[in-house]
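S.K.: First, the structure itself, so that you have it in front of you.
The values are calculated or read from the model by the stated rules, or taken from the named source; none is laboratory data. Note that the structure is a prediction, hence the values are computed from the model and not measured. Ideal geometry is used to build each Cβ from the backbone, glycine not excepted, and the neighbour counts take in all protein chains shown.
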Amino acid sequence: MNDDRRTIVFFPEGAFGPTNNCVGIGNVLKERGHRVVFIVEESFAGTLEARGFEEARMRLQPPPEVEEAPGQFWKDFIRETAPEFRKPTIEQLDSFLKPTWQALIDGAMYVDDRLREIYDEVQPDVVVEDNVVAFAALQTSGRPWVRITSCNPLELKDPNLAPVFSGYPQDDRGGWDAFWAEYDRVLGPQITDLDEWLRSRGAPALPSARDYIWESPDLNLYVYPQEADYERKEPLAPTWHRLDASVRSSDETYAEHERLGSDGSLIYLSLGSLASADVELMQRLVDVLGRTPHRYIVSKGPQADLYELADNMVGAEFVPQPAILPMIDLVITHGGNNTVTEGWYFGKPMVVLPVFWDQYDNAQRVEELGLGARLPTYAFDDDALPAAIDRLLADEPLRARLGTMAARLRANPGTVRAATLIEDLARRGRD
């Protein structure tokens, strides 16, 4: 028996992005001989076991009358609220962000008792959470825990930084005050209610009137490369560590694109597992890109059966992104933090079409750093997207810059650094 073996619990949000991020770190810890357990929604049952992990299952809402697909709640939620994505980000605070936060809060309240049971049953040495909302059971467990922020670092607020979820530029503060005022008006009462509930369950107060989650007293990680990170007025606490990228290893291969021949550049289109639920948007992208001379690998998303790809495309509901990114020339993405940082990890220019959440912030960061192009997702002209693609493909200095960045990131894998920090915490316990 390995006396150094520790039990490490991962608790990612019930979406593929945070889950895949945790899987990459969990693989390293598992290879080092530790027991790795994932807390997963019942709709994800078996998906983590298939990757060699233990599962502790829970629900974030009452069980449905029919069997669910993994993450089905969020797929349905995104599909039903898709019309709100066409609004400016300041209007989305009320029409999209508030109900999204409420769904997350409702889930945290519903699952609280079950989480306490899981911690008692599994007896973790450390809990690793990749969520955006606080869970009372975690703070009251008395166990060391790690917060992973696998979204844009604007979530870690600072007077020098644009408002989170705004997509506003760093060099123009013109709209910052108005956005924060609307944020406080719309979301402030919701945060107050969450704070009161957390304290009623024995947890501490939230850190501010703008935060839905605490930072951990033990260890905090965020995923963003140094080259793209923001200059802060107030430094983060010493418990914070930046992971330049956190890309999971994969033995998967992909060759479907070979039947498209070799003419034109090879481009990867992915709006993520949630944003791609907007079938109308996906169909328009297929129509526009189908008229270009390039080849495309398309991650079709949960509504894959509702639209057909053009002749210059291959794809499926799920495609192995880590296997695809090294071979392509450019990424068209919604701006999810995982895809953006993985794109940088492999040195790929990108066109970003933000849909919701921190995707606007990542799109703006890509644009203002000259690492790609941001387009208005629902209002771009038919010629604008092909023009942006061709401009980026022809930009040799950008390719050289991205190549240098990628080489540095691959030489220092974030999954290994994260695993070592988590392992050290599990061994020493809470100081």
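S.K.: Which of (1) part of a loop (DSSP other than H, G, I, E, B); (2) at negative phi; (3) without any contact (Cβ under 8 Å) to a residue 60 or more places away in the chain does ASP4 not meet, given it meets every other one?
M.R.: (3)
S.K.: Please specify each residue of segment 109-136 satisfying the condition of being in a helix (DSSP H, G or I) and either without any contact (Cβ under 8 Å) to a residue 40 or more places away in the chain or at positive phi (or both).
M.R.: Once the filter is applied, which keeps residues that are in a helix (DSSP H, G or I) and either without any contact (Cβ under 8 Å) to a residue 40 or more places away in the chain or at positive phi (or both), segment 109-136 yields ASP113, ARG116, GLU117, ASP120.
S.K.: Looking for whichever is of a type in the set (Ser, Thr, Tyr) and not assigned by TED's automatic domain parsing to the domain that holds TRP101 here; the options are TYR296, TYR222. Which one fits?
M.R.: TYR296
S.K.: Also, quick follow-up: Taking segment 285-309, which residues are modelled with pLDDT of 95 or more and surrounded by fewer than 18 Cβ atoms within 10 Å (Cβ to Cβ)?
M.R.: ASP287, VAL288, GLY290, ARG291, THR292, PRO293 - these are the residues of segment 285-309 that are modelled with pLDDT of 95 or more and surrounded by fewer than 18 Cβ atoms within 10 Å (Cβ to Cβ).
S.K.: Could you tell me whether segment 30-37 includes any residue that is small (Gly, Ala, Ser) and buried (at least 20 other Cβ atoms within 10 Å of the Cβ)?
M.R.: no
S.K.: Residues being touching a Leu at 6+ places or on another chain (Cβ under 8 Å) and in a loop (DSSP other than H, G, I, E, B): count how many of those fall in segment 303-326.
M.R.: Selection size over segment 303-326: 2.
S.K.: Same structure again: Filter segment 351-400 for residues that are within 18 Å of ASP244 (Cα to Cα) and either touching a Ser or Thr at 6+ places or on another chain (Cβ under 6 Å) or of a type in the set (Asp, Glu) (or both); which is surrounded by the fewest Cβ atoms within 10 Å (Cβ to Cβ)?
M.R.: Residue satisfying both the conditions and the ranking: ASP358.
S.K.: For the list (1) touching a Pro at 6+ places or on another chain (Cβ under 6 Å); (2) modelled with pLDDT of 90 or more, I need the number of the one condition that LYS75 fails.
M.R.: Going through the list (1) touching a Pro at 6+ places or on another chain (Cβ under 6 Å); (2) modelled with pLDDT of 90 or more, LYS75 breaks only (2).
S.K.: With SER249, SER270, SER265 as the choices, which residue is in contact (Cβ under 8 Å) with a residue 12 or more places away in the chain and buried (at least 22 other Cβ atoms within 10 Å of the Cβ)?
M.R.: Within the list SER249, SER270, SER265, the selection yields SER270.
S.K.: Looking only at residues in segment 43-58 that are surrounded by 14 or more Cβ atoms within 10 Å (Cβ to Cβ) and of a type in the set (A, V, I, L, M, F, W, C), which one is nearest to LEU115 (Cα to Cα)?
M.R.: Selected residue: MET58.
S.K.: Still on this structure, please answer the following. With respect to VAL66, is the statement that it is β-branched (Val, Ile, Thr) and buried (at least 19 other Cβ atoms within 10 Å of the Cβ) true?
M.R.: no
S.K.: Does TYR183 fit the bill of being within 15 Å of VAL40 (Cα to Cα), assigned by TED's automatic domain parsing to the domain that holds THR81 and in a helix (DSSP H, G or I)?
M.R.: Taking the combined requirement at face value, the residue does not satisfy it.
S.K.: Exactly one condition in (1) part of a helix (DSSP H, G or I); (2) over 27 Å from ALA137 (Cα atoms); (3) hydrophobic (A, V, I, L, M, F, W, C) is false for ALA162; which is it?
M.R.: Tallying (1) part of a helix (DSSP H, G or I); (2) over 27 Å from ALA137 (Cα atoms); (3) hydrophobic (A, V, I, L, M, F, W, C), ALA162 fails exactly one: (1).
S.K.: Could you check how many residues of segment 186-207 are touching a Lys or Arg at 6+ places or on another chain (Cβ under 8 Å) and part of a loop (DSSP other than H, G, I, E, B)?
M.R.: Adding up the residues that qualify gives 1.
S.K.: Counting just the residues of segment 230-265 that are touching a Phe, Trp or Tyr at 6+ places or on another chain (Cβ under 9 Å) and among the charged types (D, E, K, R), which one comes out modelled with the lowest pLDDT?
M.R.: Among them, the one singled out is ASP244.
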